[in-house]
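The values are calculated or read from the model by the stated rules, or taken from the named source; none is laboratory data. For clarity, every value in this text was computed on a predicted model and none was experimentally measured. With ideal geometry, Cβ positions are generated from the backbone for all residues, glycine too; neighbour counts draw on all protein chains shown. For accessibility, only protein heavy atoms count, side chains too; no ligands or nucleic acids. Shrake-Rupley method; radii C 1.70, N 1.55, O 1.52, S 1.80 Å.
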Amino acid sequence: MLNDLPRHKGQRNKLVKLLITKGIRQPEVLKAIGKIPRHLFMDSSFEDFAYQDKAFPIAAGQTISQPYTVAFQSELLQVKPGMKVLEIGTGSGYQASVLHEMGCKVHSIERQKELFDITRQTMRKLGYYFDMKFGDGFAGLPSFAPFERIIVTCGAPKLPEKLLAQMSIGARMVIPVGEGSQVMKLVIRDADGSFSIEDFGDFRFVPMLGSKNV
């Protein structure tokens, strides 16, 4: 039985109210964050802090993003139920679970084998079933392309050309770009196949790395 108690639900409600004060408005995003037990995606030693708006360490030297960042990226994506979404950087699985809860068909790639194995087990326990792949995020998933939405949860040094090529017409990609700190970018594939790019402020993510780490 999952350890999701009334106090956890109360903490989630407070978190949702905090996110609203920070500008998150999309009801579907707020509903998903209000439902998903974030404390179960983290080491139990962080449980008392799980609903603070902070990032925390997870396995393989990675982090679970702060809830505001998850909500901000999810809102920028503007997903609709049934959309095919590619996530680069599964991490703890929290961001993918938010999108899954919003009705998306999620395909997610993780390059850290240790983290991939842990997260896959966690997802099974929580009942979140989406397609997880162990692989190189820079390569994307060409066999499943094109995607209507792409979300990158690690800092890319530049816009990955292979991911741009896997976007359908009208698709949106939300990606932090830069080294050290990043600028959140929204990339939209226009009707003529070109790309429109808009910046949405500074963020800090772990770096996006190539190949796979076993």
Exercise for review: Could you do me a favour and compute the accessible area per residue for the chain, 1.4 Å probe, result in Å²?
Suggested key: 47
Check your understanding: Given the protein chains as shown and a 1.4 Å probe, how many square angstrom of Leu30 are accessible, to the nearest 10?
Key -> 20
Check your understanding: For the Cα atoms of the chain, what angle does the longest principal axis make with the long axis of helix 67-77, in degrees from 0 to 90, nearest 10?
Key -> 40
Review point. Just how much of Ser44 is accessible, in Å², when a 1.4 Å probe is used and the result is rounded to the nearest 10?
Key: 90
Check your understanding: What size of dipole, in debye to the nearest 20, comes out for the range 96-214 about its Cα centre when the only charges are +1 on Lys and Arg C-beta atoms and -1 on Asp and Glu C-beta atoms?
Key -> 420
Practice item. With a 1.4 Å probe and every protein chain kept in, tell me what percent of the accessible surface of the range 145-214 is carbon plus sulfur. Key: 52
Exercise for review: Note the angle between two axes, namely the Cα long axis of helix 113-126 and the longest principal axis of the Cα atoms of the chain, as a number of degrees from 0 to 90, rounded to the nearest 10.
Suggested key: 60
**Study point:** Asp192, Asp53, Asp117, Asp199, ranked by accessible area, largest first (probe 1.4 Å)
**Key:** Asp192, Asp199, Asp117, Asp53
Review point. About its Cα centre, what dipole magnitude does the chain give when the only charges are +1 on Lys and Arg Cβ and -1 on Asp and Glu Cβ, stated in debye to the nearest 20?
Key: 560
Practice item. Could you rank Ile150, Ile188 by how accessible they are, 1.4 Å probe, largest area first? Key: Ile188, Ile150
Check your understanding: Taking the Cα atoms only, what angle lies between the long axis of helix 6-21 and the longest principal axis of the chain, rounded to 10 degrees?
Key -> 40
Exercise for review: Take every DSSP beta bridge whose two residues both sit in the range 101-202, then give the antiparallel share in percent to the nearest 5.
Suggested key: 55
Review point. Cα-Cα pairs above 21 Å in the range 100-214: how many percent?
Key: 41
